[in-house]
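So the structure is just underneath, and the comments pick up after that.
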Amino acid sequence: MKRKILITVAIMLLAALLVTVLAACNKSYKQDALPDSPGADAAVVSNGGMAVIAGNYLYFINGYAGQDSDNEFGETVKGAIMRAPLENGVPNRDEVQTVVPKNVYNSNAESGLVIKKGYIYFTTPNDENNSDGNPKTDEMILMRSTLDGSYTETIAVFDNYEITYRVSENYIVYQKGTELRLIDLNDKFEDTLIESETGTVIFPDYSDSASSLDDVVFYTKSAADAYANHNEVWAYRAGGTAVKALDGLASYEGTVLPHPGGYSISLLNADFVGTDKVRLQYTKTDSGTNKLSTGVYSYTFDASFAFNAAAEVRYTKGVTYTALKFVDDSHILATDSDSIDMIYSVNGAWKRVTVVEAAATVMDVVKAGNTYSLMYLQSDVVKKLVFDFDSAVANPLTLQSNTSLFKGEYNSDWLGLDMIGGVLYYFNSDVLNNIYYLDLNKVDSRDVRTQAATRLGVFSDTDVIALLEADTETETESA
């Protein structure tokens, strides 16, 4: 009898353990819904960073807490997702509300908050312990929450933070090592393999404008011949079938190839053109002695992903760049290791001129007629360069002004500076990595008072104690 009881107890314990394991794999969290939340069709601006606008609210990460900070649902403050209503383009810090009390964290600068169809997608460290009782914070959990914060659930658990991904309306496509995989958001988060041997994977930047191709991903593959000198570019739309968009040999006529071995293609980025096209940006080279094909190119695909070599655009010869910012079809701000250049078209020929003679990053550019307002980051300083550009004259660039708008200490361990509509957001490393904002539209470079940022985030109890201790130390040193 005792043996039967023990066996029954063991079975019950095993069943309970299995339920616990299954629950851990598909954890969900519920709380009261926040009122007046945006609907699933609310306009979304600036996906992918520390702050995203949905409807009339700014959703943001409440400071940088790091990988090993508190992460108990319902108790987490630092790193939590919060929101504030927008008034005249800036958040009202007096009406901040907590949406998801979890520590949002990643190590990839492209993996911040994403809002799609009424959900916020984010990553967080695993809040469970291993068999030794130590937190498994080296594991990354991909989650989503409703915009009102009432329901949060786990989508997938990964061994590390090396996963790169893109969220579309119905799917998440992600790269894990050389694999490209798909998560179906409408089918119990089913995970399937798309391609096992990818090279570089390019997820186009999230667009604020609607595009029918916003679920596309490009990736390179080696040619089937192990001794080939060319490679291939494939296009995959979430939920569909991968298509070979560009073959470094077969896509070109033999007479136009600078070398019979074909092209080696390196992907730079992709951006959306209108509502139904996507422009792939890449560099090419060949295996010839003189590398005659070396340069920067682009091709604009429609949904068929058919390639016509005659429609390929070549911007440079013998020169490559690391990033392109298209102002329009004839003017491109191109970045390399020591400058920002303007690539521009004159009567079908592409020329180049240096705009910023230093290592810098393009943040934003606005064109009005022949006048350009360029926001760029040089070292830790945000600058605004205003210049006229007339490609019809010998010296096309005329400088109007170059002023500094922001210089401050900010944490860039994960996300650096984020700018939405001229408002700058950042984790202030001078104030315990809390989130701050500065409206650059109101900055006067001659008045330092206008350059002072405002704290947006909420301090956790731990941060309050740290601030008090810091004040005490300062008073002691002064005495």
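Of note:
- Every pair of residues 6+ apart whose Cβ atoms lie under 7 Å, when the first sits in region 433-453 and is in contact (Cβ under 8 Å) with a residue 24 or more places away in the chain and within 15 Å of Leu385 (Cα to Cα) while the second is open to solvent by 20 Å² or more (accessible area, probe 1.4 Å) and not in a strand (DSSP E or B): Val443/Thr450; Val443/Gln451
- Residue that is farthest from the chain's Cα centre (by Cα), among those in region 328-344 that are part of a strand (DSSP E or B) and within 22 Å of Asp286 (Cβ to Cβ): Ile343
- Among the residues of region 193-238, the ones that are hydrophobic (A, V, I, L, M, F, W, C) and farther than 25 Å from Glu169 by Cα come to 4 in all.
- Residues (in a loop (DSSP other than H, G, I, E, B) and open to solvent by less than 60 Å² (accessible area, probe 1.4 Å)) located in region 154-169: Asn160, Tyr161, Ile163, Ser168
- Thr124 vs. criteria open to solvent by less than 50 Å² (accessible area, probe 1.4 Å), in contact with a Lys or Arg (Cβ under 9 Å, 6 or more places away or on another chain), assigned to a strand (DSSP E or B) and not small (Gly, Ala, Ser): yes
- Those strands (runs of 3 or more DSSP E) of region 345-408 in which 1 or more residues are out of contact with any strand residue (DSSP E or B) (no Cβ under 6 Å at 6 or more places or on another chain) occupy 349-356, 361-368, 371-378.
- The lone criterion from (1) small (Gly, Ala, Ser); (2) touching a strand residue (DSSP E or B) at 6+ places or on another chain (Cβ under 7 Å); (3) closer than 28 Å to Gly348 by Cβ; (4) surrounded by 18 or more Cβ atoms within 10 Å (Cβ to Cβ) left unmet by Ser251 is number (2).
- Condition check for Leu257: touching a Pro at 6+ places or on another chain (Cβ under 9 Å) and either in contact (Cβ under 8 Å) with a residue 40 or more places away in the chain or over 20 Å from Asp205 (Cα atoms) (or both): no
- For region 436-473, taking the residues that are polar (S, T, N, Q) and in a loop (DSSP other than H, G, I, E, B), the one that is least open to solvent (accessible area, probe 1.4 Å) is identified as Ser460.
- Scope region 301-336; condition over 27 Å from Lys244 (Cβ atoms) and in contact with a Ser or Thr (Cβ under 7 Å, 6 or more places away or on another chain); matching residues: Gly318, Ser330, Thr335, Asp336
- Against the conditions (1) assigned to a helix (DSSP H, G or I); (2) open to solvent by less than 30 Å² (accessible area, probe 1.4 Å), Ala310 satisfies every one except (2).
- Selection within region 206-243: residues that are under 18 Å from Ser287 (Cβ atoms), part of a loop (DSSP other than H, G, I, E, B) and not aliphatic (A, V, I, L, M). The member of this set that is nearest to the chain's Cα centre (by Cα) is His230.
- Lone qualifier among Lys384, Lys325 - being over 20 Å from the mean Cα position of the chain (by Cα) and surrounded by 16 or more Cβ atoms within 10 Å (Cβ to Cβ): Lys384
- Residue count for region 260-292, restricted to those that are assigned to a loop (DSSP other than H, G, I, E, B), of a type outside the set (S, T, N, Q) and open to solvent by 50 Å² or more (accessible area, probe 1.4 Å): 5
- Looking across region 186-205, the residues that are open to solvent by 40 Å² or more (accessible area, probe 1.4 Å) and not in a loop (DSSP other than H, G, I, E, B) come down to Glu190, Asp191, Thr192, Leu193, Ile194.
- Some residue of region 92-114 being open to solvent by 30 Å² or more (accessible area, probe 1.4 Å), part of a strand (DSSP E or B), free of Cβ contacts under 8 Å to residues at least 24 places away in the same chain and not hydroxyl-bearing (Ser, Thr, Tyr): no
- Annotation for region 412-427: at least one member residue is among the charged types (D, E, K, R) and outside any helix (DSSP H, G or I).
- When Gly295 is tested against the conditions (1) at pLDDT 95 or above; (2) farther than 23 Å from Glu197 by Cα; (3) surrounded by fewer than 18 Cβ atoms within 10 Å (Cβ to Cβ); (4) not β-branched (Val, Ile, Thr), the lone failure is (3).
- Pick from region 318-344, criterion free of Cβ contacts under 8 Å to residues at least 24 places away in the same chain and touching a strand residue (DSSP E or B) at 6+ places or on another chain (Cβ under 7 Å), ranking: nearest to Leu377 (Cα to Cα): Ser339
- Among residues of region 135-152, those that are within 30 Å of Asn56 (Cβ to Cβ) and open to solvent by 20 Å² or more (accessible area, probe 1.4 Å), counted: 5
- For region 71-85, a residue qualifies if it is within 25 Å of Thr454 (Cβ to Cβ) and not in a strand (DSSP E or B), and the qualifying residues are Thr76, Val77, Lys78, Gly79, Ala80.
The values are calculated or read from the model by the stated rules, or taken from the named source; none is laboratory data. Values in this document were obtained by computation on a predicted structure and should not be read as measured data. Quick reminder, even Gly has a Cβ in these numbers, built from the backbone with ideal geometry, and neighbours come from all protein chains shown. Ligands, DNA and RNA are excluded from the accessible area calculation, which covers all protein heavy atoms including side chains. Shrake-Rupley method; radii C 1.70, N 1.55, O 1.52, S 1.80 Å.
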